[in-house]
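Heads up, the thing below is written out as structure tokens.
The values are calculated or read from the model by the stated rules, or taken from the named source; none is laboratory data. This structure is a prediction, so every number in the text was calculated from the model and none was measured. Every residue, glycine as well, gets a Cβ built from its backbone with ideal geometry; the counts of neighbours run over all protein chains shown.
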Amino acid sequence: MVKTSITKVEPNKLVTKGYKQDELMGSVPYSHVIYLLLKGELPGKKEGKMIDAMLVSGIDHGLTPPTCLAARAIASSGVPLPTAVAGGLLSVGDWHGGAIENCMKILCGAVEKMKEEGKSPEEMADPLLAELKEKGQRMPGLGHRIHTDDPRTKKLFGLAKDLGIAGDHVALLEAIKAHFDKKGKSLPINVDGALAGVACDMGFDYKLGKALFLLGRAGGLVAEAYEEMTRERPMRRMYTEDQEYDGPEERALPEEYQE
């Protein structure tokens, strides 16, 4: 007998993690249902707001990331939309999207050790970085090829602190950044690092690190692949860092979305 704890299927009834799917529909936001699937319970108001922001933070990053390049290249060959999106998701690896999982694993282990030794995040940062250096490893979640002050990181950390979610993992990551700042080496915490710190403080298993990226990026890849299919020539040359945005001008959120 095969067992699953996710969804019970009966004639005319679907029950996911104890809730009827038709009752979730229209009542619970998609991002909250994702939280339910991953954590087993619906999020509280604060956790729901946080997980929503986390998924949106990875939704898209223009034309140059591997996920977008792969999805668009595959879409240009005349395949169905799901094939192009799947191809984009297959390009997620240690250097693109995978840093969240790696960062979470390091942070979770370091915070556990920090508590055992009764150290502060500031006291833990130096020995942690020394240990990583000795192993020939870098601390993931730092640095960005474009951003020197990633606005997504600022938003995620600000929100996590306002909601009372940020804890030791976020604090340790900030202490690690401060370590490099003192040495005159500016390494901003990128969105992968921000997601890792917040996810750890929310109690997510580090093995779900890539999932947090995939769940957000999939939506963006649908839009990227669809645009490629509907307005570009098949098999065009597209590998270039030169890009021109011709979408809507920057605009304010409608009143109903503003706090």
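Out of Asp60, Asp52, I need the residue that is part of a loop (DSSP other than H, G, I, E, B), in contact (Cβ under 8 Å) with a residue 12 or more places away in the chain and not assigned by TED's automatic domain parsing to the domain that holds Gly203. Which one?
Asp60
Looking only at residues in segment 70-128 that are β-branched (Val, Ile, Thr) and in contact (Cβ under 8 Å) with a residue 24 or more places away in the chain, which one is nearest to Met238 (Cα to Cα)?
The selected residue is Ile74.
Please report, ordered by residue number, the helices (runs of 4 or more DSSP H) entirely within segment 135-220 with at least 2 residues that are within 17 Å of the chain's Cα centre (by Cα) and free of Cβ contacts under 8 Å to residues at least 12 places away in the same chain.
In segment 135-220, the matching helices (runs of 4 or more DSSP H) lie at 151-162.
Can you tell me which residue in segment 221-241 is surrounded by the most Cβ atoms within 10 Å (Cβ to Cβ), limited to those that are part of a helix (DSSP H, G or I) and among the β-branched types (Val, Ile, Thr)?
Val222
Kindly indicate the residue of segment 97-132 that is of a type in the set (Lys, Arg) and more than 24 Å from Leu156 (Cβ to Cβ) and also surrounded by the fewest Cβ atoms within 10 Å (Cβ to Cβ) among those meeting that condition.
Lys113
So Val28 clears everything in (1) out of contact with any Ser or Thr (no Cβ under 7 Å at 6 or more places or on another chain); (2) within 27 Å of His147 (Cβ to Cβ) except one condition, right? Which one?
Here Val28 meets the rest and fails (2).
How many of the residues in segment 138-160 are closer than 22 Å to Gly44 by Cα and surrounded by fewer than 14 Cβ atoms within 10 Å (Cβ to Cβ)?
The qualifying residues number 1.
Tell me which residues, restricted to segment 84-99, are in a helix (DSSP H, G or I) and at pLDDT below 95.
Listed by number, the list holds a single entry, Ala99.
Considering only segment 140-149, I want to know if a residue exists there that is farther than 21 Å from Ala211 by Cβ and among the basic types (Lys, Arg).
Among the residues of segment 140-149, at least one is farther than 21 Å from Ala211 by Cβ and among the basic types (Lys, Arg), which makes the answer yes.
Taking segment 8-20 as the search range and keeping residues that are in contact (Cβ under 8 Å) with a residue 12 or more places away in the chain and touching a strand residue (DSSP E or B) at 6+ places or on another chain (Cβ under 9 Å), which one is surrounded by the fewest Cβ atoms within 10 Å (Cβ to Cβ)?
Thr16
Testing Lys135 on (1) in contact with a helix residue (DSSP H, G or I) (Cβ under 8 Å, 6 or more places away or on another chain); (2) surrounded by fewer than 18 Cβ atoms within 10 Å (Cβ to Cβ), one condition comes back false. Which one is that?
(1)
Going by the conditions given, is Asp181 at pLDDT 95 or above, assigned by TED's automatic domain parsing to the domain that holds Glu122 and not hydrophobic (A, V, I, L, M, F, W, C)?
no
Restricting attention to segment 63-83, and to residues there that are among the aliphatic types (A, V, I, L, M) and not in a helix (DSSP H, G or I), which single residue is surrounded by the most Cβ atoms within 10 Å (Cβ to Cβ)?
The qualifying residue surrounded by the most Cβ atoms within 10 Å (Cβ to Cβ) is Leu63.
Return the only residue of Asp162, Asp126 being charged (D, E, K, R) and either at pLDDT below 95 or touching a strand residue (DSSP E or B) at 6+ places or on another chain (Cβ under 8 Å) (or both).
Selected residue: Asp126, the only one of Asp162, Asp126 that is charged (D, E, K, R) and either at pLDDT below 95 or touching a strand residue (DSSP E or B) at 6+ places or on another chain (Cβ under 8 Å) (or both).
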